[in-house]
Structure formats: C-alpha cells, structure tokens
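No value in this document is a laboratory result; all are computed from the given coordinates. The structure displayed is predicted, hence computed values, not measured ones. A quick note on method: Cβ atoms are made from the backbone with ideal geometry, for glycine too, and the neighbour counts reach across all protein chains shown.
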C-alpha cells in the first residue's frame, strides 16, 4: 500500500508542472484557476460513487480499477495543442478518477493503523505523499527539459499504471465487513450493524471540528500546486523544483520524528501546525528576494508535516470502520471543494491584485482556521 500510494503521488507531483503546460498553450492565472476548479468539480462529483463501489465491491477492487483508468486519463493530454473544451474535458475526467482513487486508497489505510499510535503511523504512511513531493517537481522539470510535455504525461501514466498493479497485490477485502488486523474490534460492532449516515458523520461532535480544520488546511495549500510555478517564473526564478524539494524534505523529517505526536495529543498539535502552514504560504509572497522562496518552503513544510497526519489520524480515529468509505468521501470531498473554489477565487484575486496579495490571503486562511479550531476547543480527539 505504501509503495502503491507513493507511485500515485509521484505521478501527481510530476503534474505540478501542468500549469506551465497551460501557460505554454497561452493561458494565464485565471485559466489555471478555472482548470483547477474543473478538476476539483470532477473529483467532487465522483467521490460518492467511489464510496458506493467500495461498499459493494471492496476497497482493493475500487482502488485498482480507478488507478488503471487514471493512467489512461493521463494520456488524454497528449493530443492537446491549444486551449479549448478538450483540455477542460480531460482535466475534469482526470479529476473524477483522481477523486475516486484517493477515496479508495484512504479507506484501505483505516484498518491498518494501530489505534494507540495512529498519529505516528499516519505520519509514517503519509511519507508516501511527502516523499514524492520532495523530488517529483525536479524530476518533472528534467522530463520536460529532455522529452517535453509528451514525456511528462506518458511518465505520469506509466507510474500510475504501476500503482494499479501494486494495489492488485494487496489481499482482497470483504466489502460487507471490516478488514485488516483490527476488523474484529471495529467501533461500529458486527458486520451487519447499520453504517452511519453522511449527515451523522458530517455533524457529529467528534468529527465536525475536524471538517473545519480540513477546510482551512485545504484552502491554504490550494495556492501551492497551481500558482507557485508561474509566479516564480515571472519573478525570474527559472526552477521551482528546489521549493518543492525543500518543502517535502522538511515535512519528511518532521514525520520521521513523529513518535511524540500521540503523546502530546493530536488535537493539541493541529492548531499550531495550521498556523505555521499559513505563515509558510504567506511568505511565498516575498518570492524574488534573497532566499525567501526557500524560507517559505521550510516554514510551510514544517506546518504541513504535522498538520496533515494529525488531521488524517484524527478523522480515522473518530470514524467507525464500516463508515470509512463515507467519512473518507466527506474528508476528501472537502478537499475537492477547496481545490475547486480555492484556485478559482485565488486565481481571480491574483489576476486583479497580483500574486503576492493572493499568497498572503491563502496564508491568512490557514492562520484563521487555526484560531477557529483552537477557540472551539479543538477536541476532535475522543481522548
């Protein structure tokens, strides 16, 4: 599961250069924002269908086939040579598949985490995301330099296909019951117990504060994959790979030293981590001055390195196992909504007020989210 998820995220991090492809076709910040919104909308509409597939056919079946379709979807960019509806359709199609894949993969993690060390375990597993983030952009720049965007999209497709093949090696699960080493102790009891409704999961006291934190986290980071590359290039910085590498390495270092996450308390860590992340995003506004982009990467990586595993582990810990598909749908759908609304709104702000103002606004969202979560008690954790 770790290797398969790492492969998927390697392909995804190659595509942080997709906005540069859009600029190459003649698009600008607003076009990038609209395309990101189209991808986010596609993912959002597909999440509930992914949950149904998981409940009926199982986690592995859903993840394997959605990954295979996503590999095919990456190839749809190959014949595109101009802005127009084929580009928007390809982005929306890949957004649908990416959304479905991440629901399925996230639910596969639920039964694998040791309950008493969920924060540490999620921090380690999340290296499957931050590890590829540390080298994906640099690798993507090398591929584009030597093989063009055709090579970039073919590479993403090939790596995603490998992820599908790896998921096929995982033991099949029973869609009618919990699976994995902790299935017999699932908090919702027997396999025949009713699954919590979406409304119950959305409004429950244990999960509701976490959804608020998820909104702040997702909006704050939505500026990174969509606007850092064109902003840095406009400021005369010819490579953004260093930013993503430093950001990823700092986050990896934090997560490799995550033994105290659970001892300190995940709910106590989340608000400060969100605030630090917000500062890191805001500092990107100073790009063009000496080492400011690198400083933004260090600060952002530190906040992200703690915030994501803490938030994810709290969601998992407070979700009954048999409701994992639905809780994952909510969790990832919030990210989709923010990935759709965030780049669209931030792109418009960048168009009218400039990139620096946009990055400051994105960072402020993370800081405000931290304040709101802390003011509400931040008690997403049962403990």
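So here's what we get for this one:
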| item | result |
| --- | --- |
| Region 286-375 shape via C-alpha gyration tensor axes, a/c threshold 1.5 | prolate |
| 0 to 90° range, to nearest 10: angle between helix 85-109 axis and the chain longest Cα axis | 30 |
| Exposure proxy order (Cβ contacts within 10 Å, fewest to most) of 304, 24, 145 | 145, 24, 304 |
| Base-10 log of normalised Debye intensity for region 1-135 (one unit scatterer per alpha-carbon) at q = 0.21 Å⁻¹ | -1.28 |
| Computed over region 1-108: relative contact order in percent, which uses C-alpha pairs under 8 Å that are six or more apart | 39 |
| Projected label distance in nm at residue 142 and residue 375, using a 7 Å step from Cα toward the beta-carbon | 4.8 |
| Cα→Cβ-extended label distance, 7 Å offset, between residue 85 and residue 364, nm | 3.9 |
| Exposure proxy order (Cβ contacts within 10 Å, fewest to most) of 64, 122 | 64, 122 |
| Among 228, 334, 143, residue whose mean-square fluctuation peaks in a GNM of the chain (springs only between Cα atoms under 10 Å) | 143 |
| Sites residue 171 and residue 49 - FRET efficiency at Förster radius 25 Å, r taken between beta-carbons, to 0.05 | 0.55 |
| Computed log₁₀ I(q)/I(0) - Debye formula, equal Cα scatterers, no solvent, the chain, q 0.07, 0.09, 0.12 Å⁻¹ | -0.28, -0.47, -0.87 |
| Length gained when the stretch residue 199-residue 235 is fully extended (0.36 nm per residue, less Cα-Cα span) | 8.3 nm |
| With Cα atoms, 0 to 90° folded angle of helix 223-234 axis to the chain main axis | 10 |
| GNM flexibility winner over the chain from 160, 352, 329 (Cα, springs under 10 Å) | 352 |
| Choice from 69, 15, 78 with maximal GNM fluctuation in the chain (Cα, 10 Å cutoff) | 78 |
| Separation of the residue 212 and residue 112 label points, Cα + 7 Å toward Cβ, nm | 3.2 |
| Computed over the chain: relative contact order in percent, which uses C-alpha pairs under 8 Å that are six or more apart | 28 |
| Extension gain from residue 292 to residue 352, taking 0.36 nm per residue of separation minus the Cα-Cα distance | 19.3 nm |
| Proxy reagent accessibility, fewest Cβ within 10 Å first, across 308, 88 | 88, 308 |
